[in-house]
Amino acid sequence: MTTITSAGAGSGIDLESVISASLEAKKTQLQQPITTKKTNTQITLSGLSQLKSAISTFSSTLESLTKTGAFNKRSVKVTQDSDDPVMTVTTNTGASNGQYNITVNKLATTSKQEGTFDSSTTSLVTADGTLTFKAGGEEFTIDVKAGDTLQNIRNRINNSGDNFGLSANIINTSDGKSKLVLDSGVSGDGNNMTITASTDELKIFETGATNSKMSQTQAASSASIDVDGNTLTSETNTFDDTIVGLKIEVNRLSDKDSNGNYLSNKVAITTDTASVQSLVQSFVDGYNTLIEKTTALGKRNSIVAGESQEDGGALAGDSTTRSVTNLLVNAVSTPSTESTVFSTIFQLGIEMDNNGKLSIDSDTFADALDGNFDQVVALFGGEKGIAQTLLDQLDDYTDTGGLLAQRQDSLNSDLRYLNQKESDVTEQLTKYETSLRAQYGSLDTLLAKMNQSASYLSLISSS
């Protein structure tokens, strides 16, 4: 604030201190209410931000419970050598409990060709041409240039952007020859690789040509397994959904008995109650964390010996925390129509204490899963299950333009208004100081004159 003049210079009275004290009192009178409101508004904004974050965290947990197949947890046990497994079995959405005897009779193979050449670094062709490779409905063509060697051709095959997975390698043998080895990368019955040349010179690579150096060393074939006496085939070593809900990847042939017959491996699919219980535990943990947060944010200041301990939450006394808490309690307490056996989660061994927090009686919950698995799933999952119901209701708070966003927008608007009020106070104080200095300046002048008159009279009387 700019000093207009030095009050008291004429009278010798410390009027600057009087002006400073008056300004400070005026500033406190005008500024304190604004500062208090700003502080409270900022605290509330912080509290709303914390609440929104806590709700979003729980919503993420709820989303995992509402996904299709979230509760379709199955345990897979395959009777086999764990160090050298015959197969790997995993479950997909739609898997159901069951037992199967599976035998791996045949693995899928890719088509392979080999050809022996005198050298990998000498020119093979004198004119440009092309080679076309086909396997299983896929094909690609490479250009061959005059002077190309076996190494050049191998590189053109492997580097082709249209290559469907065919690999070319060169093996230099002990007799000084070079062997070109091609693997189509495509398995399945009838998917053998063929090579077509565009020129006579290149027919040394063409499948079936009279002068071809290439010959098939392995035919493409499909994998074959027996499931409870039923033969199933797959072009690859993966049987995906051939048994609904199961993905079977075969690694090797089944073991044989003393007579040379393949032995079956028992595959058991059962309900994975431990995973389901873990999923429900995540719901309980997330629920409790949100309850704890709303309780802490809404806690009022403690009063000891008539004095506030200033230990309340950022949203002390705010109705928002109570609304969220009531929403949570009502959601888990309201009877559901989705299950014909259980109306609330409290019949599953889930309990609520006096603080509104949940806990699970593991034994009771496990019994509910064993006896009525589908009914437990119906209560929690599905479009009208507890998880989806809670998620929809909490989204009303956290969505863009939702209840919390509206509160935050309103409070930010209040802050902008209070900041403007602070600017107005500064202007008011400047005017107030000007007025004070004018008043005390006049008083200072008057007192100075009076002092001069008193000095003059004193001088006359003494003479």
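For the range 123-230, the alpha carbon convex hull comes to 128 Å³ per residue, rounded to a whole number. The charge dipole of the chain, taken about the Cα centre with unit charges on the Cβ atoms of Lys, Arg (+1) and Asp, Glu (-1), comes to about 1400 debye, rounded to the nearest 20. With all protein chains in place and a 1.4 Å probe, the accessible surface of the chain carries 45 percent carbon and sulfur. When the pairs 67/106; 112/177; 179/203 are compared against a 27 Å limit on Cα-Cα distance, 67/106 fall above it. Using a Cα-Cα cut-off of under 27 Å, which lysines could be cross-linked to residue 73, ignoring same-chain neighbours fewer than 8 residues away? Within the straight-line limit of under 27 Å, residue 73 reaches these lysines: 247, 266, 357, 384. Rounded to the nearest 10 square angstrom, residue 249 shows an accessible area of 70 square angstrom against a 1.4 Å probe.
For the chain, the solvent-accessible area of protein heavy atoms averages 53 Å² per residue (probe radius 1.4 Å; ligands and nucleic acids excluded). Placing +1 on each Lys and Arg Cβ and -1 on each Asp and Glu Cβ, with no other charges, gives the range 184-250 a dipole about its Cα centre of roughly 280 debye.
In this view, the solvent-accessible surface of residue 416, computed with a 1.4 Å probe and all protein chains in place, comes to about 150 Å².
Judged by the mean number of other Cβ atoms found within 10 Å, the most tightly packed of the peptides 179-192, 95-108, 333-346 leads the ranking 179-192, 95-108, 333-346. Between the labelled values (i) 150, 73, 35; (ii) 110, 53, 43; (iii) 158, 72, 41, the entry that holds Cα extents along the principal axes in Å as derived from this structure is (i). Taking amide H positions as modeled 1.01 Å from N, with prolines and chain starts lacking one, the residues under 5 Å from residue 179 and 5 or more places away or on another chain are 117, 171, 172, 173. Note on the range 323-388: Cα-Cα pairs beyond 13 Å make up 63% of the total pair count.
Rounded to the nearest 20 debye, the dipole size of the range 326-382 about its Cα centre is 260 debye, using +1 on the Cβ of Lys and Arg and -1 on the Cβ of Asp and Glu.
The values are calculated or read from the model by the stated rules, or taken from the named source; none is laboratory data. None of the values given here were measured: they were computed from a predicted structure. Counting neighbours? That spans all protein chains shown, and the Cβs are built from the backbone with ideal geometry, glycine included. In case anyone asks, the SASA skips ligands and DNA or RNA and just uses the protein heavy atoms, side chains included. Shrake-Rupley method; radii C 1.70, N 1.55, O 1.52, S 1.80 Å.
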